[in-house]
Amino acid sequence: MKKKFMAVVAAVLAAMATFAFAGCAKNGEKNILVVTREDGSGTREAFDKYAGVTADNIRAGEIQKDTNGMKMKVSSVESAIGYISLTSVDSSVKALTVDGVEPTADNVRSGAYRISRPFLMLTKTGVELSPAAQDFYNYCMSSTVKATIEADGITTTDFDNRTAYTAPETPLSGEVILRGSSSMKKLMETLVEDYKAFGGAKVAGVNFNKSFLASAEGRSAVKADTNNGNVIGVASSSKADAAYEEHTLCLDAVAIIVNVKNDKISNVTAQTLNDIYTGKVKKFSDIK
């Protein structure tokens, strides 16, 4: 009798466990997948500063090494949250408002959207750029590139005060080494192609050696330039150093992104992001 009773109890408990598991699978909410960028990313530097997180307190589930990796992860995982350059946002992800402010070019220029940062060109302190590097730099920092900037970045409030670019009178040749931020990859590659088209035969002899991994790569490359003046770094956040000079090309912002199917969150604050990225909040439904 006792054995029969125990068998019945075991069967009931098993059924209850099965029901509970099925209920969780059907109605349960998954923990937030917290995605961040690697150390040295300018986008991460800007995000961490706003959210008040550091390498010591962040509790990320995954680290992505570039903008595309971040975007692909968030677009494929419904419970994920991450951040990318505003200029890289498309229909594959959902950009959240920050403190109730939409991430738009106008809001970045006005300062209303708070997670903004400059897109910078870096040159080595005390070293004169080579003729080819100087000409490309002049092109990038001219008013001529406004349409390109506004297609892939955000113009500064004083952009119209820049002078127009004029192609060199005599043909140029030489190598220009571009290194730095993955957030600036699309913009810089577009500027290179536009520069070649605009300059035509005058700049046909200029060759570009490009790599866009992270802002830290751009800073290191400029520092390591052996006084040839052919290295231009690009960075998506400011980090002062006596070894290089920072020149603001244009502006950008960091967009907080979630999966397009995520209907649990539409706005975040610095505190919200801090709670998520330090592990205090595990689920979107727990956000107050």
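Descriptive notes on the structure:
- Selection from 259, 122, 199, by position along the positive dipole direction of the chain (Cβ): 259
- Modelled FRET efficiency - R0 35 Å, residue 38 with residue 128, Cβ distances, 0.05 increments: 0.60
- Residue-normalised accessible area of the chain, given per residue in Å² at a 1.4 Å probe: 50
- 0 to 90° range, to nearest 10: angle between helix 67-76 axis and the chain longest Cα axis: 30
- Rounded tilt (10° steps) of 2-27 against the dominant C-alpha axis of the chain: 30
- Charge tally in the Cβ shell below 11 Å around residue 83, where Lys, Arg are +1 and Asp, Glu are -1, residue 83 excluded: +2
- The candidates 141, 121, 72, arranged from most to least accessible area with a 1.4 Å probe in the full protein assembly, appear as 72, 141, 121.
- Compared with the rule-of-thumb size 2.2 N^0.38 Å for a compact globular protein, the stretch 184-288 has a Cα radius of gyration ratio of 1.56.
- Close Lys-Lys pairs in the stretch 79-198, where close means Cα under 22 Å and separation is 8 or more or interchain: 8
- Proximity of backbone amide H atoms, modeled 1.01 Å from N, is registered between residue 83 and 257 at under 5 Å, excluding neighbours fewer than 5 places apart on the same chain.
- Reciprocal of mean inverse Cα separation for the stretch 115-235 (Kirkwood radius, Å): 14.5
- With semi-axes defined as the square roots of five times the eigenvalues of the C-alpha gyration tensor, the equivalent ellipsoid of the stretch 19-154 measures 37, 18, 14 Å, largest first.
- Taking the DSSP bridge list for the chain and keeping only pairs wholly inside it, about 55 percent are antiparallel.
- One chain, two ends: residue 78 and residue 92. Fully extended at 0.36 nm per residue, the span grows by 3.9 nm beyond their Cα-Cα distance.
- The angle separating the long axis of helix 42-51 from the principal Cα axis of greatest extent in the chain is about 50 degrees.
- Here the scattering of the stretch 109-180 is modelled by Debye summation over its C-alpha atoms, one equal scatterer each and no solvent; at q = 0.16, 0.18, 0.25 Å⁻¹ the log10 of I(q)/I(0) is -0.72, -0.88, -1.30.
- Extension gain for the segment residue 169 to residue 264, taken as residue separation times 0.36 nm less the Cα-Cα distance, is 28.3 nm to one decimal.
- FRET efficiency estimate (nearest 0.05) - Cβ-Cβ, residue 49 to residue 104, R0 22 angstrom: 0.60
- The amide H of residue 37, built 1.01 Å from its N in the peptide plane, has 64 as neighbours under 5 Å, considering only residues 5 or more places off or on other chains.
- Applied to the stretch 209-225, the Karplus parametrisation 6.51 cos²θ - 1.76 cosθ + 1.60 on θ = phi - 60° returns per-residue 3J(HN,Hα) values of 10, 10, 7, 10, 9, 6, 4, 4, 5, x, 5, 5, 5, 5, 4, 7, 4 Hz, with x for Gly and Pro.
- Residue 281 long-range amide H proximity, modeled H, under 5 Å: 276
- Heavy-atom accessible area with a 1.4 Å probe sorts 117, 59, largest first, into 59, 117.
- For the chain, a Gaussian network of Cα nodes joined below 10 Å ranks 118, 171, 131 by mean-square fluctuation, and the top entry is 171.
- These residues, 94, 264, go from largest to smallest accessible area, 1.4 Å probe, as 264, 94.
- Between residue 151 and residue 238, the contour length at 0.36 nm per residue exceeds the Cα-Cα span by 29.1 nm.
- Solvent exposure of residue 39, expressed as accessible area, is near 140 Å², computed with a probe of 1.4 Å over the protein chains only.
The values are calculated or read from the model by the stated rules, or taken from the named source; none is laboratory data. Note that the structure is predicted; figures quoted are calculated from it, not measured. All Cβ positions, glycine included, derive from the backbone under ideal geometry; neighbour counts span all protein chains shown. These area figures cover heavy atoms from the full protein model, side chains too; ligands, DNA and RNA do not enter into them. Shrake-Rupley method; radii C 1.70, N 1.55, O 1.52, S 1.80 Å.
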